Every structure is written in structure tokens, then in C-alpha cells.
């Protein structure tokens, strides 16, 4: 971790101790005055981690890539944590266990082999439904089957929680990976103690071994899905090299009409974004429509990231974020840190009014209608108003009249 641009974070404390932060705004302004205000949210988060972690001799060139929207140089990205489901996460930990064996055979200390980056393994990919909802005890019976079929795997996974540092295991039966990540695992703003004893705050970021990992982007957390090998590399503390992604602004206007659900909304947005070809892009949703959406609807949009081909679907930190953190039981001190940090570092929604995008898409939420869609093609939605015209259904009052008339 670097020392330049590290400063006390005004008004912030954790457990009664002051908190420092890295002033990415100042680092950017030292290169190009006025540039920070024009940076998108994603670039501001990437700039902070560069100031905090990038080799000093490479820092100026790396920040210049963000400032000038250039894509000719790779720069390092250091995700703050790794989230794994039990299939790929287990494989990575098996590799680390094998490395411990190899080191022990050569007379080394196997206990020194641990993930460098905090790793959260969530067991949610092993459940098979053998008993359906007609059985009042279906959940318990399915869990018994899951435990029996995966006894050896679960034994190893439980061992890793005890054997490795920086590994946390969420056992089976607690829900799906993305929901747990959204509701419990992400602090939105990290606060960690350095070897020197000082505490430093910085944005939460993560990679996950599932394509729907971007669901937590709804909280303003850059979170992308990766393969098992890349996740394992991040676990070991290696930088994930990247070039500045295509950052696309998506302005949402209007509001959903009464009776229109979040599912209707996200199907319409998915169809829209597929037409706009946003494959591999980092999307940033803003505008009065985005401001009015609760975290539930935002998370639904972010969760569909792989369906429209983007890498991330970001929302800014705002009052909705703070209320959600309170609702899901985050510690009051942590919630206060999130707001203080976001407001001071330009990650609060109001501070992004000056952000500039190379490409802006616009979508009117009031245009969304009630919709049906098949499970294999969620983007190919069918407005319910079209059902009668296409012969899929008939108008109920007319059918009732025909029945009464004996026809």
C-alpha cells in the first residue's frame, strides 16, 4: 500500500479510532486540473485503487489512461475481495491445499499458504430439489439429501474455514450467492487496519465466480464475474490487469406505471440494451428514473448484466443505498462511514452530475408495460396487450359473454 496522497478522512471514525483515505481527487487534479469532476463513477473508483496500490513509477501513466479516456496501456486492478460459489471456490482452495502439501514435503511451513485477499465461499450450487413444495417438510428433506450427497465436499469446505486465514464460509441452506453478497457480505466501503496500526477506508470491489456477480453493483460496488483461474490469481494477491473499459452512461427517465413490476422493467431494459450492443461495457445508470428506483429494482437490473452482455451495471451511492444498508442490518458505524466516505470522495450521486461519458443511452421507464417472457429468452419479452391479438389468450369479458350466450 502506498503512502502518497494518504490523508485523514474528515468526520470518520471506527471503534473510536480515526480513519485515513487516499485522495484520488488530488492525485488526478495534480495531473489535469478539473479532470476529476468529469470522470465517471467507475473511473473514480479505479483511480482510488491505483493511488492506493499501483507502483509509484507507473501511477501517472495509469491515471492518465483514465483522465484522457485512453486504452493503449494496461494498468493493475486489485479487487478488495473474492466471492466464490462452492464449485469453483472449492477448486481454488484444493489448489491451495495442494500447494501446502508440496511446501510441507520440502520442509516448509504449510500454514504460510493462505489467500492474500479476503475470500468468501458461499455454498449454494449443490442443492437438488427432490421434494417439491407440496411437502411441508420439503426444505429439510432436500437439505438432508444435499448433505448426504456432498458429505466429502462439505467436510473439505468446512476444513478450509478453519485451516486458512482470510477464508469465510457461508454454509448451505442460507440462500443464493448474489443475494447474500448484496444483503450481508459487501460493506460498500472497506475499512482495514494496516500493519502500522492505522485504519484506511476505500471502496469495496470484488470478483466472483459467477456471471451474476454484478448484482451488488446496485450498491455502487464494482463487482464482476470471472473464471476460477482469475479468481484464484486475485486470491493470491496478484493484480488483475485491465485496460480502461467502455464506460457507458444510461440515463433513466420517468417512473414505472402502476401495476408494472420490476420484472417487467428489467425485461424491457434487457431488450433495449441488447439492441444497443453493450457487450463488455461498464454501464452507469443515472437520472431521475434511477434516483427513484429502490435497491431491489436496481439489483434486478444489475443482476441481468450477463443477459445483455455487459461486464458491470453500476448505480451511484445515495440515500437509497444508505436506507438499504440500514434495512439489512449493517452496523450503524459502518453505514455512517459509507455516507461520509462517498460524500467526501465524489462517489455520492449528487457529485456525479458533472460526469462525462463517451456514449449515453436513454430509456424511459414510463414506457414499460406489463410483459411475459419465456425462460430461455428473457430479452424476447411479449407485452400482455399483444396476447389476444396473437391468439395466445382471449379478452376475458368477451369470453365470458360468449359463455353466457351459449356459444
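The figures follow:
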read-out: Per-region count, the stretch 352-375, residues outside any strand (DSSP E or B) and surrounded by fewer than 20 Cβ atoms within 10 Å (Cβ to Cβ); value: 12
read-out: Meets criteria (on the phi > 0 side of the Ramachandran plot, over 28 Å from the mean Cα position of the chain (by Cα) and outside any helix (DSSP H, G or I)) for residue 197; value: yes
read-out: Residue count for the stretch 12-38, restricted to those that are part of a loop (DSSP other than H, G, I, E, B) and within 10 Å of residue 51 (Cα to Cα); value: 1
read-out: Residue 306, sole failed condition from (1) surrounded by fewer than 22 Cβ atoms within 10 Å (Cβ to Cβ); (2) within 13 Å of the chain's Cα centre (by Cα); (3) assigned to a loop (DSSP other than H, G, I, E, B); value: (3)
read-out: Residue 260 being assigned to a helix (DSSP H, G or I), buried (at least 17 other Cβ atoms within 10 Å of the Cβ), out of contact with any helix residue (DSSP H, G or I) (no Cβ under 8 Å at 6 or more places or on another chain) and touching a residue at least 40 places away in the same chain (Cβ under 8 Å); value: no
read-out: Some residue of the stretch 222-243 being within 12 Å of the chain's Cα centre (by Cα) and within 14 Å of residue 41 (Cβ to Cβ); value: yes
read-out: Residues being surrounded by 12 or more Cβ atoms within 10 Å (Cβ to Cβ) and over 29 Å from residue 60 (Cα atoms) - total across the stretch 2-17; value: 4
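Per-residue answers, yes or no, for (1) in contact with a strand residue (DSSP E or B) (Cβ under 7 Å, 6 or more places away or on another chain); (2) closer than 24 Å to residue 58 by Cα; (3) crowded, with 20+ Cβ neighbours inside 10 Å:
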site	(1), (2), (3)
215	no, no, yes
219	no, no, yes
228	no, no, no
235	yes, yes, yes
241	yes, yes, no
250	yes, no, yes
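Values quoted throughout were computed directly from the atomic coordinates according to the rules given, and no laboratory measurement underlies them. From a predicted model like this one, the values you see are computed outputs, not experimental measurements. Counting neighbours? That spans all protein chains shown, and the Cβs are built from the backbone with ideal geometry, glycine included.
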